[in-house]
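The values are calculated or read from the model by the stated rules, or taken from the named source; none is laboratory data. Remember, predicted model here, so these are calculated numbers, not experimental data. Note that each Cβ is placed from the backbone with ideal geometry, even for glycine, and that neighbours are counted across all protein chains shown. In case anyone asks, the SASA skips ligands and DNA or RNA and just uses the protein heavy atoms, side chains included. Shrake-Rupley method; radii C 1.70, N 1.55, O 1.52, S 1.80 Å.
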Amino acid sequence: RARERGKQMNIIRSILTYGFAGIVMVGALPYLWYINRMKEKIGEIPALERLNKLVNIYAKIIVKLSGAKVEVKGAENLPEGKTVVYVGNHQSNFDIPIVVAHIKQAKGFVVKDELSRVPVIKHWIAGLNCVFIARGEGRKALEAISKGSKIVKAGYSMVIFPEGTRSIDGHLGEFKAGSLKLAVKGGATVVPFAVNGAKDIMPRNKIILRPAKVTFTILPPIPAEEVAAMDTKVLAHNIKSAIAKELGQEVEPLGKNADL
């Protein structure tokens, strides 16, 4: 009986979380369009910073509604006043609200191209200066990375998941080194992060949310000068090694990292 009650609570929790997210995304569309108009008046970055404050609040509410308990470690590693490319592992779709809720800095994401066809969501992704990337299409992927690097050069931070897709069991997948060209070409500091436990909130191919404990660890930054001087495969290996260590996983040899 307790197990059945737990399942019912998870369903209720999921309905509340998705319902809130849906109402917010639709209800706040006029504000999103207002921000888009403001970009011409006050500048793109200041306008995006305004939008990010609202999105940050909503993300915190979504995380709370899900029942997740998030422990943040390494907050002192977040650089102030710098354009950053955040690079992390991808355990679940819930990684995104966790990152949005716990990194206050205005930022966009590199997201899969399929989301550009999802009603409402596509407007928010575009409005936040996210970059759509077509997986498996090398030329289009490189064009997306080039676009992202220009956004970073303009002073707007980005988040990338070099695995390119969610992990099935939480174990780190292949880090696509080519995705890190966004940081190299953008001249940005790289801040790796590790998400541990998000897969328990929203496992891959599941929609019912479950309460879980999540550790969100911000790892020491890699200065822009070091990023620019490093081969992307070496950079990908170093980042993956740092994340793997935090997750208690083995570090695979450098030779196994593949390019985009």
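The condition (being surrounded by fewer than 16 Cβ atoms within 10 Å (Cβ to Cβ), small (Gly, Ala, Ser) and modelled with pLDDT under 85) is satisfied by just one residue among 138, 155, 170, 164: 138. Going by the structure shown, is residue 82 in a helix (DSSP H, G or I), in contact (Cβ under 8 Å) with a residue 40 or more places away in the chain and open to solvent by 30 Å² or more (accessible area, probe 1.4 Å)? Against the criterion (in a helix (DSSP H, G or I), in contact (Cβ under 8 Å) with a residue 40 or more places away in the chain and open to solvent by 30 Å² or more (accessible area, probe 1.4 Å)), residue 82 does not qualify.
Applying the set (1) within 24 Å of residue 173 (Cα to Cα); (2) open to solvent by 10 Å² or more (accessible area, probe 1.4 Å); (3) among the β-branched types (Val, Ile, Thr) to residue 62 leaves exactly one unmet item: (1). Scanning region 99-153 for residues that are out of contact with any strand residue (DSSP E or B) (no Cβ under 8 Å at 6 or more places or on another chain), of a type in the set (Gly, Ala, Ser), in contact (Cβ under 8 Å) with a residue 24 or more places away in the chain and farther than 18 Å from residue 48 by Cα yields 138, 146. Of 185, 213, all but one fail to be over 16 Å from residue 161 (Cβ atoms), surrounded by fewer than 20 Cβ atoms within 10 Å (Cβ to Cβ) and modelled with pLDDT under 95; the exception is 185. Looking at 236, 224, just one residue is under 17 Å from the mean Cα position of the chain (by Cα), more than 30 Å from residue 11 (Cα to Cα) and either surrounded by 19 or more Cβ atoms within 10 Å (Cβ to Cβ) or touching a residue at least 60 places away in the same chain (Cβ under 8 Å) (or both), and that residue is 236.
Yes or no: residue 73 open to solvent by 50 Å² or more (accessible area, probe 1.4 Å) and either touching a strand residue (DSSP E or B) at 6+ places or on another chain (Cβ under 7 Å) or at pLDDT 95 or above (or both)?
yes
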